[in-house]
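Report on one structure; see the data block that follows.
The values are calculated or read from the model by the stated rules, or taken from the named source; none is laboratory data. All values derive from a computational prediction rather than experimental measurement. Cβ: placed from backbone, ideal geometry, glycine included. Neighbour counts: every protein chain shown. Only protein heavy atoms, including side chains, enter the accessible area calculation; ligands, DNA and RNA are left aside. Shrake-Rupley method; radii C 1.70, N 1.55, O 1.52, S 1.80 Å.
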Amino acid sequence: MSKFPTENIRNFSIIAHVDHGKSTLADRLLELTGAIDKTDRNKQVLDKLQGHVDFSYEVSRSLSACQGVLLVVDANEGVQAQTVANFFLAFEAQLAVIPVINKIDLKNADPEKVAKQIEKIFDIPKEECIKISAKLGTNVDQVLQKIVDKIPPPTASSDEPLKALVFDSTFDHYRGVIANVALFGGFMCKGDRIVSAHLGKTYEVNEVGIFTPAEKPSDKLYAGQVGYVVAGMKEVKEAQIGDTLYWLKHPVQPLPGFKPAKPMVFAGLYPVDQSEYNNLRNAIEKLTLNDSSVTVHRDSSQALGAGWRLGFLGLLHMEVFNQRLEQEYNASVIVTAPTVPYKAVLKSAKLIKDYGEKEITIVNPAQFPESSQVSEYLEPIILGTIITPDNYIGKIMTLCLSRRSVQQNMSYIDDQRVLMKFLFPLNEVVVDFYDQLKSISSGYASFDYEDAGFQPADLIKMDILLNGKPVEELVTIVHRDKAYSVGKAICEKLKESIPRQLFEIAVQAAIGSKIIARETIKAYRKNVLAKCYGGDITRKMKLLKRQAEGKKKMRKIGNIEVPKDTFINVLKRNEK
C-alpha cells in the first residue's frame, strides 16, 4: 500500500436520483481501471444494498470520506428531487462536483436540455457536463480523466498520528464488526492498539485491507486511503458512524464527523401469530446487526400481543426494513401506522423532577401528557422539495396546503418543469403523501425531504371509545384543526371492520370528555313479532319494548370482542 502516494489518490462518490445509473457507471469505471474483468456478468457490482436507507444520511456519511463527487443525471428524466438534495449535501461539504449526463443512448434522451437544467439549478456551466452512456461505455474514459484533473488528492500525511474516520460498518458472524474507515493521518496495521474517541474503548487491530471491490487484506493502510479494519468489535453500535479511531498512546482531536442518525418515524411491529414471537425477535436482531440506525424497544398491546416499537430514519428506511424481514426471514408481521416523535415542554416542577428534564420526547401516542401539564407541544417539521411538470402545479399545491404546509419558494428549472419547496409537519407526510403525489402527477413528480427541526403546534390526544371504553391501541395525536376529519375517518373504518353483535355498539372519537365523532353499529335483532298475526298493537309494542330493554342490559354487560384484523385494518398504514 505504500506504493500509492497521497497525490495519486482520488476518493469520490457517485450521487444521483434513484435509477439514474450510479451502479452501472461504477461497473464501467471498475472495468476501465482493471479492478474487475470485463464480462457480461458485471451488473451493479457495487450495489450490495437490499434497498436504500434514508438517502441524506447515506449520502452524507459516504461524502465524509471523499474529496469529490460525480453528480449523475438521467438524460431522459432530467434533474429530480434527490439530485437537488444530494448536490447540496456535496456543496455544503465543499467537494468538487463533476456533472455527468447518463443514458444518452435512449430514444427520448435530451442531454442539451438537461445540461441547461444543471446550469440553471446548480450554477455549473453546461459545457462542463460530460455526456455518457454507462450501459454502452460511451465517453466513460472522459469521466475518469476528469476525476484525475478536477478532484483534489486527500490532504493527509502518514507522518502524523493516526486519525481514522468510521463512515460505515457491517457485521460478519465470524469476524465481528468490519468498520469502513478513511485515514486522515498516520497509518494502521495488524497488531496496532487503537481507541474509539466516542466510547473510549481500546481494541487490537486483527486485519486491515482495501476494497477491490471485494475485501482484500493488506499489511498496512496509510493516510489518504480508504479501507476497512477488523478489531474485535462485537456489535455494530461500537463502530459508531462518524467516530474517530486513534493510536492508544497518541490521543488526537476527534474529526468533526457528522450528526448521529436520529429516528424520525416510529411504528409498532407485531407477529401475526404470537407463537412466531421468538422467530421474529431473532430476525429483527440479525437485521439490526447490520443496521445500527434502527432503534428497538419492547412493546405490548392488548389487541396485538407482545411486539416492538421500532424507530427508523425515514419512511423508505421502514419500507426496506419490513421488506427484508419478509424476503430474507419469511416473517409475516403486522406493522401499525407510522407515528412521529413529538416533544412536550412540561409546566410543573414535580413532573420535570419525575422525568428528569423539562422537554420530553413522546414516541408512543398512548403516553402523550395532558395539556394541563404542558406549556407547549412541539412537532417535527421537514423541508420538502418537489420537482414536477408545470401542468400539475395546481393539484400539487392543493395537496400540499391540505397537509398544513407553508410554501417556501417556487422556480422554473426549464420551460416545463418546476421546483417547489414547502415546510411540512412530518406527521402530514408520513402515511400516504408520497402515493397521493405520484397519483395526482401521473408518476412524474419527485419528492425528497430533509429534517428542519421542531416547531410549536396545537396538538391534542384523541381517544377512540367503544361503548364508552377507550381502546389504547387506537389513541392518535392530531392537530386540533384536523381532529374532526381524522376522528370521523377512524370511526367509519371501525364501523366497517367490527362485526355486528347482539347489541348496539357506539364507536366514538373523543378529545378529553368531548365526543367529536360517532358511528353506530346496529345490533342483530330477532324478529319477536313473527308469531303475531294481526292482534292488538299494544301486544306488539310490549314485545318490542321488552326486546329493547334486553339489548340495553346486554350492552352494559356485553364485552366487545374486537377481532385482531380489525385493529390491523385501522392501524395499518394505507396499502399502496
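Within region 292-331, the set of residues being in a strand (DSSP E or B), under 26 Å from Ile178 (Cβ atoms) and touching a residue at least 40 places away in the same chain (Cβ under 8 Å) comprises Leu310, Gly311, Phe312. Screening Arg404 against (1) surrounded by fewer than 16 Cβ atoms within 10 Å (Cβ to Cβ); (2) within 19 Å of Gly453 (Cβ to Cβ) leaves a single unmet condition, (1). Checked against (1) in contact (Cβ under 8 Å) with a residue 60 or more places away in the chain; (2) farther than 16 Å from Val340 by Cα; (3) surrounded by fewer than 18 Cβ atoms within 10 Å (Cβ to Cβ), Asn391 meets all criteria but (1).
Residue count for region 476-520, restricted to those that are of a type in the set (A, V, I, L, M, F, W, C), open to solvent by 40 Å² or more (accessible area, probe 1.4 Å) and over 28 Å from Phe424 (Cβ atoms): 2.
Yes or no, residue by residue, for (1) in contact with a helix residue (DSSP H, G or I) (Cβ under 6 Å, 6 or more places away or on another chain); (2) modelled with pLDDT under 90:
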| residue | (1), (2) |
| --- | --- |
| Cys400 | no, no |
| Ile413 | yes, yes |
| Arg417 | no, yes |
| Phe424 | no, no |
| Tyr449 | no, yes |
| Gln455 | no, no |
| Val471 | no, yes |
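Pairing residues of region 524-541 that are assigned to a loop (DSSP other than H, G, I, E, B) with residues that are not acidic (Asp, Glu), at Cβ distances under 6 Å and at least 6 apart in sequence or on separate chains, gives Tyr524/Arg500; Tyr524/Leu502; Val528/Leu543; Val528/Gln547; Leu529/Lys540; Cys532/Lys540.
Selection of helices (runs of 4 or more DSSP H) fully inside region 425-515 by the criterion of at least 1 residues being without any contact (Cβ under 8 Å) to a residue 24 or more places away in the chain and under 29 Å from Arg525 (Cβ atoms) returns 483-497.
If I filter region 293-306 for residues that are open to solvent by 30 Å² or more (accessible area, probe 1.4 Å), under 15 Å from the mean Cα position of the chain (by Cα) and among the charged types (D, E, K, R), do I get at least one hit? No, that holds for no residue.
Has region 247-254 got any residue that is open to solvent by 30 Å² or more (accessible area, probe 1.4 Å), of a type in the set (Phe, Trp, Tyr) and either in contact with a helix residue (DSSP H, G or I) (Cβ under 7 Å, 6 or more places away or on another chain) or on the phi > 0 side of the Ramachandran plot (or both)? Within region 247-254, not a single residue is open to solvent by 30 Å² or more (accessible area, probe 1.4 Å), of a type in the set (Phe, Trp, Tyr) and either in contact with a helix residue (DSSP H, G or I) (Cβ under 7 Å, 6 or more places away or on another chain) or on the phi > 0 side of the Ramachandran plot (or both).
Could you say whether any residue in region 335-343 is assigned to a helix (DSSP H, G or I), basic (Lys, Arg) and over 27 Å from Val272 (Cα atoms)? No, region 335-343 contains no residue that is assigned to a helix (DSSP H, G or I), basic (Lys, Arg) and over 27 Å from Val272 (Cα atoms). In this structure, Ala81 does not qualify as among the small types (Gly, Ala, Ser) and under 26 Å from Ala182 (Cβ atoms). When region 370-388 is filtered for residues that are over 30 Å from Ser300 (Cβ atoms), open to solvent by 40 Å² or more (accessible area, probe 1.4 Å) and without any contact (Cβ under 8 Å) to a residue 60 or more places away in the chain, only Ser375 remains. Checking the structure you have, find out if any residue of region 235-242 is open to solvent by 50 Å² or more (accessible area, probe 1.4 Å), in a loop (DSSP other than H, G, I, E, B) and closer than 16 Å to Ala164 by Cα. Yes; the residues of region 235-242 include at least one that is open to solvent by 50 Å² or more (accessible area, probe 1.4 Å), in a loop (DSSP other than H, G, I, E, B) and closer than 16 Å to Ala164 by Cα.
Within the option set Val195, Val208, being at pLDDT 90 or above and of a type in the set (A, V, I, L, M, F, W, C) holds for one residue only, Val208. When Arg573, Arg555 are screened for being at pLDDT below 75, surrounded by 13 or more Cβ atoms within 10 Å (Cβ to Cβ) and either acidic (Asp, Glu) or touching a Ser or Thr at 6+ places or on another chain (Cβ under 9 Å) (or both), only Arg573 passes.
When only residues in region 307-343 that are under 30 Å from Ala457 (Cβ atoms) and among the small types (Gly, Ala, Ser) count, which is farthest from the chain's Cα centre (by Cα)?
Ranking the candidates gives Gly307 first.
Here Pro263 meets each of (1) at pLDDT 80 or above; (2) more than 19 Å from the chain's Cα centre (by Cα) with one exception, condition (2). Taking region 347-369 as the range and being more than 29 Å from the chain's Cα centre (by Cα) and either open to solvent by less than 20 Å² (accessible area, probe 1.4 Å) or among the acidic types (Asp, Glu) (or both) as the test, only Asp354 passes.
Look at region 1-24: where a residue is hydroxyl-bearing (Ser, Thr, Tyr) and modelled with pLDDT of 85 or more and a partner is assigned to a helix (DSSP H, G or I) and open to solvent by 20 Å² or more (accessible area, probe 1.4 Å), sitting 6+ places away or on another chain with Cβ atoms under 6 Å, you get Ser13/Ser62. Being of a type in the set (Phe, Trp, Tyr), in contact (Cβ under 8 Å) with a residue 12 or more places away in the chain, within 17 Å of Arg10 (Cβ to Cβ) and surrounded by 21 or more Cβ atoms within 10 Å (Cβ to Cβ), is that true of even one residue in region 195-207? Taking every residue of region 195-207 in turn, none turns out to be of a type in the set (Phe, Trp, Tyr), in contact (Cβ under 8 Å) with a residue 12 or more places away in the chain, within 17 Å of Arg10 (Cβ to Cβ) and surrounded by 21 or more Cβ atoms within 10 Å (Cβ to Cβ). A single entry from Ala134, Ala179, Ala156 fulfils the requirement of being in contact with a Ser or Thr (Cβ under 7 Å, 6 or more places away or on another chain), closer than 30 Å to Thr39 by Cβ and at pLDDT below 90: Ala134. Selection of first residues in region 211-226 that are open to solvent by 80 Å² or more (accessible area, probe 1.4 Å) and of second residues that are of a type in the set (A, V, I, L, M), restricted to Cβ pairs under 6 Å at least 6 apart or on distinct chains, gives the following pairs, ordered by first then second residue: Lys216/Ile210. Suppose the filter is farther than 28 Å from His479 by Cα and not acidic (Asp, Glu); does Asn364 pass it? Against the criterion (farther than 28 Å from His479 by Cα and not acidic (Asp, Glu)), Asn364 does not qualify. Selection of first residues in region 394-417 that are over 20 Å from Asp435 (Cα atoms) and of second residues that are open to solvent by 50 Å² or more (accessible area, probe 1.4 Å) and assigned to a helix (DSSP H, G or I), restricted to Cβ pairs under 6 Å at least 6 apart or on distinct chains, gives the following pairs, ordered by first then second residue: Ile413/Lys120; Gln416/Asp390.
State whether the residues of region 481-496 include one that is of a type in the set (A, V, I, L, M) and closer than 22 Å to Gln373 by Cα. Checked against the condition, which is being of a type in the set (A, V, I, L, M) and closer than 22 Å to Gln373 by Cα, region 481-496 yields at least one hit.
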